[in-house]
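In what follows, a single structure is set out as structure tokens and then discussed.
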Amino acid sequence: MKNLLHNIDKVLLMGPGPSCVPGEVYKALSCNSLGHMDYYFIQIMDECKKLLQELFNTNNRLTLPVSGTGSAGMETCFVNLVERGDRVLILINGVFGKRMADVAGRLGARVDTLEFEWGMPVESDRVAEQLAHETYKIVAVVHAETSTGVRNPVEAIGQMVREHGALYLVDTVTSLGGIPVEADRWGVDALYSGTQKCLSCPPGLSPVTFSERAVQVISNRSGKVPNWYLDMNMIIQYWEGKKRVYHHTAPINMLYALYQALLVLFEEGIEQVFERHIKEHRRLVAGLESMGLEMLVSSEYRLPMLNSVKVPTNVDEAAVRSALRKDHLIEIGGGLGPLAGQIWRIGLMGHTAREENVERLLLALKTILKR
Ligand SMILES: Cc1ncc(COP(=O)(O)O)c(C=O)c1O
């Protein structure tokens, strides 16, 4: 019988995620599976929690990886905190802010949005103005907007949200492990991420953390969390305490992979990892600009791990991506929504952010564009 797994190309993943996975992490995936209540596996779960607390810069007790990709983390944060009729403000400057508004709306929240131009950051002044006139239970924003490559001013917004008295919900799917995430210092109450970006682990888990204030809100809800699988009140009983209570079968080998990915990151040193992202981002931008290409986002709020490049007017955007994939075994991303066909998105996430990868992509792009 034909086995498609025998013919998978070794593609250099330089798109908006997933990113390249180091050998140690692939090896971790193939370790012997243990039972989800096994005492040794529980030690691995506990270590994952500790490493995530360190990476999030938080003392939050309720810190763990949710079973599911980044969107499951998004759902987890909203579904646990929102009750029907709650007022929620979402700050939108790309696809993932829009997704948040959709998720909150489906839960019966009364959602207000502030929208900003794609490619530009959320403006703190407009947020301040909105908070001066309206009262919200939750304010939510994306730290690193993957659809554009913009870094939003999460710290400044956090201060306003705290003064306003609302809960602060932040998406760090693309930022975590590539630029600093400081949940406690920013006053974040609920935060989620994903494994397949700067953590350089395959997709499948979503690390989340909730502040004590958020935990109080969750435990004092007037009704049950309207989603059994993502109910933190139940999940915590599996992830905490001397005697663990089965909730759902944990994705054992994915948790091995996350654990190993976090070890790889801390062994290199978190500051060194951040510096490597910036260094390779600068190398990439210099190379692209020397080819006459232009970046979408202004340098003050550009993300190092997600680089949006304007497609020149005489170039077929999709044809270039296809040639990169087929002739050079390199994946990059295209634009989404209003930016579809107008930009390429080049990821320098985690393990991908290395000199040899940047040089290989620049050379391949040069060859294709010459043609
Ligand atoms: C900023 C951001 N939030 C949320 C998500 C959703 O994550 P997933 O696709 O892993 O469900 C993504 C995925 O690219 C993202 O970039």
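Here, each number is a calculation from the coordinates, and none is a lab measurement. Not measured: the values here are computed from a predicted model. When we count neighbours, we look across all protein chains shown, and the Cβ atoms used for this are built from the backbone with ideal geometry, even at glycine.
What to note about this one:
- At most 11 other Cβ within 10 Å, DSSP loop - trypsin sites (Lys or Arg not before Pro), the range 135-242: LYS224, LYS242
- Simple spin-label estimate for GLU212 and ARG244 in nanometres, 7 Å along Cα-Cβ: 2.6 nm
- Per residue, the Cα convex hull of the range 252-371 amounts to 131 Å³.
- Two-site label geometry, ALA318 and LEU29: point separation in nm, points 7 Å out along Cα→Cβ: 2.8 nm
- Straight-line reach from LYS49: taking Cα to Cα under 18 Å and skipping same-chain neighbours fewer than 8 places apart, the lysines in range are LYS242, LYS243.
- Counted charge near GLY17, where neighbours are those whose Cβ lies closer than 11 Å (Asp, Glu -1; Lys, Arg +1): +1
- What separates the Cα centres of the range 59-100 and the range 1-51 is a distance of 25 Å.
- For q = 0.11, 0.14 Å⁻¹, Debye-computed log10 I/I(0) when each Cα of the range 29-155 counts as one equal scatterer: -0.50, -0.75
- Here the dipole of the chain is about 880 debye; that uses its Cα centre as origin and unit charges on the Cβ of Lys and Arg (positive) and Asp and Glu (negative).
- Cα→Cβ-extended label distance, 7 Å offset, between ASN220 and GLU275, nm: 4.6 nm
- Note on the chain: Rg/Rh from C-alpha atoms, Kirkwood Rh, equals 0.97.
- Most mobile listed residue (GLY17, GLY187, GLY35) in the chain, GNM with C-alpha springs under 10 Å: GLY35
- With 26 Å as the limit, the listed pairs LYS10/LYS197; LYS310/LYS370; LYS279/LYS326 have LYS279/LYS326 beyond it between alpha carbons.
- GNM result for the chain, Cα springs below 10 Å: residue of LEU131, LEU176, LEU52 fluctuating most strongly: LEU131
- Across the range 185-222, the residues whose backbone nitrogen lies under 13 Å from the label position 7 Å along the beta-carbon direction of GLU83 are 216-222.
- The chain: calculated mean residue ellipticity at 222 nm from DSSP helix runs of at least 4, using -39500 (n - 2.57): -13000 deg cm²/dmol
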